[in-house]
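Written below as structure tokens is the structure these notes are about.
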């Protein structure tokens with residue numbers, strides 16, 4: 001019994017009926033005789049799974065065009081999935097040509113991190129440059145949200161496409177120091193191009 | 001006398017070796033791989049020996065090694081004797097019932113008449129039912145003896161289900177027995193030489209009913225509410241681990257093989273190729289002399305029997321992975337209110353037809 | 001039979017379907033009092049996944065709350081993001097550009113599709129149809145590929161921002177959506193053939209867990225469970241937000257309110273959501289995706305490097321948080337399970353004063369005893385599945 005007040009043209013929660021477009025899902029309530037005998041519908045269901053069975057069985061020997069096999073499973077350690085350019089993997093620090101980090105220890109990523117995973121100790125070099133004396137990122141707290149990359153004014157910390165190698169036997173190995181986080185700019189070129197593209201289209 | 005003894009021992013070793021040694025582990029592999037391919041994924045394929053993967057065929061060996069090295073315990077407060085006894089009671093009927101199933105016909109080899117069945121009993125069909133019903137004890141004892149509410153529920157459900165479906169199973173077979181006129185399985189097999197005398201054409205309704213009852217006896221899906229994984233964790237064998245757990249599973253797999261064997265013998269022509277009589281087969285192989293032709297015909301027939309067996313095993317696996325599970329009261333209603341009356345009607349109609357024809 | 005039962009001196013068995021049980025996906029404890037296999041009483045204990053979402057929100061800034069909302073209803077995280085962002089924007093009283101609205105609609109509907117896939121797949125799995133589960137999991141993987149292409153994360157998307165979005169639609173998104181939807185429709189047809197007319201499945205779910213419409217409204221049901229009872233209420237049509245009033249879609253309703261109707265309503269909603277996504281991709285206008293207000297939304301990097309105002313507000317909003325005017329607001333969106341509401345109180349500082357979530361599956365779980373009393377133990381399973389209680393949402 002659907003609560004539709006036909007006379008006043010409102011449904012019982014006060015919304016005009018013409019706005020809602022109801023679609024009844026159950027056309028007939030009782031089972032037909034065809035459905036009551038189990039066998040025919042079961043045979044139809046079996047036809048579906050048997051079709052999948054033979055398609056994939058022969059898909060090992062005669063794969064469809066362009067793929068190695070017809071099953072979509074990726075055989076992980078031998079074949080790896082390339083993540084799309086938007087993928088947020090592990091945060092890494094970028095280094096300049098002379099091997100030092102680009103980071104100026106402004107502390108924005110430390111403030112924005114929702115998991116409070118970053119700790120920065122700023123310092124100043126002899127030539128007046130500001131740099132992080134220690135930059136620790138606790139990987140056991142990081143939630144890979146991408147905020148640190150978004151707020152960094154210097155493109156110094158970005159989310160690399162790396163997703164492997166985080167299973168350790170001692171939890172203290174998960175607190176990454178600055179040295180463990182540094183990467184060169186060429187190795188992360190794709191991600192840097194991507195963020196330059198997207199963060200330049202923000203309000204145009 | 002000695003020749004018959006040797007023949008019996010060879011047959012027993014062959015069947016035991018093929019069933020327990022070959023089919024049991026292979027069915028574990030088949031279940032994983034077949035269900036995987038049906039579900040658009042790859043099954044287990046990582047166990048390797050010296051770098052050879054062999055599409056996962058080494059996994060049953062890995063399973064066996066894992067199971068043998070597990071701790072064997074009896075839970076606190078459980079009945080020790082029955083807890084240990086239940087897997088054996090569940091496994092033994094599954095192995096024994098294959099003794100009466102013929103996997104080939106009569107052959108004359110070196111002057112000796114070889115009958116390819118271990119025990120050619122006059123009451124072959126009843127032997128299968130009698131030993132099949134002993135498997136009920138295993139399930140009930142396992143459920144009762146573990147000191148666990150969930151196992152208890154599973155054991156109760158298993159008991160009720162297996163008892164009801166044994167009654168129904170017996171009645172569905174009566175139609176076949178009336179048509180063929182004998183309980184002896186070798187004779188039923190021999191009578192299906194003509195393709196249009198196969199049991200499936202003479203008793204189609206009986207085939208569907210018997211198939212359903214047999215799957216229900218075996219407690220496999222869609223009738224596996226006794227071991228329903230999502231409701232009762234593992235039902236009546238929750239508290240088992242190690243070798244005893246594997247014995248329950250082996251009993252289930254061997255019963256699959258037995259049911260496939262019975263279906264082949266009764267309904268699908270036993271060991272005969274379609275449209276090929278025994279005489280045609282022997283004359284086809286006559287180039288090898290009388291002994292050779294018999295041996296080659298024996299090999300062809302045994303191969304045909306096993307091919308049909310494998311088809312039915314595949315069909316049971318497909319049904320298991322496709323259909324959802326029944327509810328407890330619906331299983332009872334199906335067994336008593338639907339299968340029993342239909343099988344009685346089947347007997348009635350078969351009786352009339354047999355009377356008119358003869 | 002009743003006097004026979006009195007003479008038998010039987011007692012009721014109390015079973016504990018505890019927090020870790022294969023069927024209670026979402027860590028809920030049921031204390032079931034059984035008489036044989038019939039349920040006499042059912043008591044629900046929730047709270048095993050309580051993580052203190054509302055308290056955590058008071059410790060972070062308005063922007064920092066966004067990844068926390070991902071983890072509320074973790075099978076449709078984008079809808080939570082959208083709901084929270086809409087609530088804060090209404091508090092600030094700003095309006096986002098049109099392109100942003102269309103993309104938010106696309107994101108919401110993709111999340112809703114993946115939510116319904118997960119629910120029906122889990123329902124099939126609990127009832128024993130493993131193959132149905134894996135077909136819909138494959139479909140869900142493909143939808144997650146789309147979401148990963150758009151946001152960067154499959155489940156924890158963290159995509160919507162207050163005042164806009166994180167990034168625009170990538171290239172090739174429309175073609176990939178067409179490919180994915182083609183395959184998803186094939187899998188939908190397979191499941192339809194496997195389950196909908198299968199008498200074994202129908203017997204398990206029809207007539208089980210019935211809820212008449214007036215009691216459903218009294219309990220506070222919303223979403224597919226309410227629509228299955230026959231009440232026409234959908235937040236997208238009743239109080240349209242974003243651009244839902246420009247989209248053409250139907251609302252499926254059921255007759256009886258039993259589990260079969262819930263299943264059918266969800267299956268049909270998947271089709272309607274796919275329609276909405278395709279329409280939105282066609283009609284999407286060009287333009288900016290963020291509001292041009294540096295005090296609420298970080299500007300483009302060029303502006304941050306060159307304009308002083310953008311730089312100042314970038315640093316201020318990160319360190320102190322954005323500052324909506326003081327006030328309170330309640331805003332509801334249509335989540336995967338029903339009306340997902342956010343009640344926000346702001347006191348003018350950078351941190352929320354209070355952020356309360358109205359979880360749609362809380363009243364549904366509360367109605368569990370009403371739905372299964374008198375039934376069998378095996379009836380708890382399809383009922384609890386079709387409610388789609390997500391632990392993260394119910395316990396927060």
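Values in this text are rule-based calculations from the coordinates and carry no lab data. From a predicted model like this one, the values you see are computed outputs, not experimental measurements. Cβ coordinates were reconstructed from backbone atoms using ideal geometry, including for glycine residues, and neighbour counts include every protein chain displayed.
Values as computed for the structure displayed
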quantity	calculated
Computed over chain B, the ratio Rg/Rh where both radii use C-alpha atoms and Rh is Kirkwood	0.99
Per-residue mean of C-beta atoms belonging to partner chains within 10 Å, peptide B:39-46	6
Crossing angle, helix B:2-16 versus chain B [Cα axis fit, 0-90 degrees, rounded to tens]	40
Gyration tensor (Cα) of the protein assembly as shown, equivalent ellipsoid semi-axes in angstrom	61, 34, 26
Computed P(r) (all Cα pairs; chain C; 10 Å bins; percent)	5, 22, 31, 23, 12, 5, 2, 0, 0
Hydrodynamic radius by Kirkwood, which averages 1/r over all alpha carbon pairs of segment A:30-81, in angstrom	13.7
Over 22 Å [Cα-Cα, segment C:107-222], rounded percent	49
Considering only the protein assembly as shown, percent of DSSP beta bridges that pair antiparallel, nearest 5	90
Average beta carbon contacts from partner chains per residue of A:144-154, 10 Å cutoff	5
Ranking of B:186, A:82 by count of other Cβ atoms within 10 Å, fewest first	A:82, B:186
Per-residue [θ]222 nm for the protein assembly as shown (sum of -39500 (n - 2.57) over DSSP H runs n ≥ 4, rounded to 500)	-15500 deg cm²/dmol
Within 10 Å of each Cβ in C:129-137, the average number of Cβ atoms from other chains	6
Highest average packing first - B:280-293, A:132-145, Cβ atoms within 10 Å	A:132-145, B:280-293
Acute angle (nearest 10 degrees) that the helix C:98-127 long axis makes with the longest principal axis of chain C, alpha-carbon atoms	20
Ascending count of other beta-carbon atoms within 10 Å, so fewest first, for B:322, B:84	B:84, B:322
Helix axis angle, C:77-92 relative to chain C longest principal axis, alpha carbon, degrees	50
